[in-house]
Amino acid sequence: MDRRDFLAGASALGALGLAGPLAGCSNGSQKAPAALSVKDLPELKGDLTVYLGRGEGGLYSKVVEAIRKRNPELSLSVRRGPASALANTLVEEAERGGARADLFWSIDASSLGRVIEGGLARPVPEAIRDRIWEPFRFEAMAPVSGRVRTLAYNTERLGADDLPDDIMALPEKGWEVGWAPTYGAFQSFVTAMRLLEGEPATLDWLRGVKEQARSYAGELGAVMAASRGEVDLSLANHYYTLRLKAGKPDAKVALGYTRGDAGSLINTSGVAFLKGGETATGFVQYLLSREVQSYLAREAYEIPLVPEVGGPEDLPSLDQLEPPRLDLARLGDMQPTLDLMRQAGVL
């Protein structure tokens, strides 16, 4: 099966549309080699079990099915479920004699961190790590695609110049803020703040914002509230605003960014290697291919983490964003964050 067949099969699944670079965001680094095309990858053979933390509207499952179709000699078993639940399952399996999966592909780094903390993850093969943009090379997890924290602000109530460069200054502004405290992405953001700023400062921040915050069930709802003027701005991953504006170009909401702190955290989906082998490595090479990275950028508005694949339009390049330097596996240390949020009366 050649590259065109792969793309045709993907198209039939609604997946892996065009393979070329996108306009807008690029990764801004050539320290890794250019992303490979699927036509340059060897055919996958043998048995492989992947635990897949579901999310992104089933787009990850469509990627898996396209890979399966291209590799008829691959016996691929996929278990799908909530990422946090699968992470707990893997830890429980390990305690009973060994994890049953070869790979854990999760929608967020916090669930991968849970598996890594449990001692289940093997070092990422160099053939994988060296293809990822340098700031996102980690010992025990291979990031696949990124999402940056943003200030989604109502353009009739605020301007870009009004926004703080430092997320810790937000309580001082007195603005109405939308947030989703029960949402995993928000809790990962607060975990990053706790690790970067310390628990006392994070507790003060939570209490300060709580005085002017409105809570929503999810971050898309919080962004929609900002666009309607229910709040001045909302705290959310970037793609919720991009998805809203794709359907409603005139929505009165825009993206702002802080610098070098938890407010500009770039979290990622990613893979933990639970077992070694060429088949497991080859599967992740597909996830880092030009076609898959382009598809995730187009359909999920996620940020590619390999060179020469552009990201979503209307998003700064990775070298223009200023995320904090943080080992994302540490986001798995969630319990102290939940304790702080309860202490602040946020949960």
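So what's the angle, to the nearest 10 degrees on a 0 to 90 scale, between helix 59-70 and the longest Cα principal axis of the chain? Taking the Cα atoms of the chain, the angle to 59-70 is about 10 degrees. Modelled label positions at residue 246 and residue 80, each set 7 Å beyond Cα in the direction of Cβ, lie 1.8 nm from each other. In plain terms, the chain from residue 230 to residue 157 could stretch by 25.2 nm, reckoned as 0.36 nm per residue minus the Cα-Cα distance. For residue 173, the aspartates and glutamates whose Cα comes closer than 20 Å to its Cα, not counting residues fewer than 8 places off in the same chain, are 156, 161, 162, 165, 197, 204, 211, 230, 232, 261. The ranking of 37, 61 from fewest to most other beta carbons within 10 Å of each one's beta carbon is 37, 61. The angle between the Cα long axis of helix 238-247 and the main principal axis of the chain comes to about 90°, on a 0 to 90 degree scale. Our summary of shape: the Cα atoms of region 162-285 have principal axis extents of 54, 40, 25 Å, ordered from largest down, in whole angstrom.
Scanning the chain for trypsin sites (Lys or Arg not before Pro) that sit in a DSSP loop and have at most 11 other Cβ atoms within 10 Å, the longest stretch containing none of them is 97-324.
A dipole drawn for region 166-310 from +1 and -1 charges on Cβ atoms has a positive end, and of 202, 233, 216 the residue lying farthest that way is 216.
Under a Gaussian network description of the chain, with springs only between Cα atoms under 10 Å, the residue in 178, 53, 159 that fluctuates furthest is 159. Relative to the dominant Cα principal axis of the chain, helix 83-95 is inclined by about 60°.
The residue 342 and residue 314 beta-carbon pair, evaluated with R₀ = 51 Å, returns a calculated FRET efficiency of approximately 0.90. Each stretch of four or more DSSP H residues adds -39500 (n - 2.57); spread over every residue of the chain, this sum gives -11000 deg cm²/dmol at 222 nm.
Only bridges with both residues in the chain count here: give the DSSP antiparallel percent, nearest 5.
On the way: 22 of 38 bridges.
Roughly 60 percent of the beta bridges in the chain run antiparallel, per DSSP.
Straightening the chain between residue 327 and residue 59 buys 93.9 nm, computed as 0.36 nm per residue apart minus the Cα-Cα spacing. Counted by neighbouring Cβ atoms within 10 Å, the residues 151, 315 run from fewest to most as 315, 151.
Using the beta-carbon distance between residue 36 and residue 207 and R0 = 45 Å, what value does 1/(1 + (r/R0)^6) give for FRET efficiency, to the nearest 0.05? Working shown, then result.
Working: r = 49 Å, r/R0 = 1.08.
Plugging the Cβ-Cβ distance into 1/(1 + (r/R0)^6) gives 0.40.
Placing unit charges on the Cβ atoms only, positive for Lys and Arg and negative for Asp and Glu, gives region 136-231 a dipole magnitude near 360 debye about its Cα centre. Taking 327, 130, 40 in turn, the Gaussian network model of the chain (Cα-Cα springs below 10 Å) assigns the largest fluctuation to 40.
Across the chain the C-alpha pair distances fall into 10 Å bins from zero in the proportions 6, 26, 34, 24, 9, 2 percent.
How would 292, 253, 223, 346 line up from fewest to most surrounding beta-carbon atoms within 10 angstrom? Could the numbers behind the result be given before it?
On the way: 292 27, 253 24, 223 32, 346 21.
In order of increasing Cβ crowding within 10 Å: 346, 253, 292, 223.
All of the numbers you see were taken from the coordinates with simple rules; none came from a lab. Values in this document were obtained by computation on a predicted structure and should not be read as measured data. Every residue, glycine among them, receives a Cβ derived from its backbone with ideal geometry; neighbour counts consider all protein chains shown.
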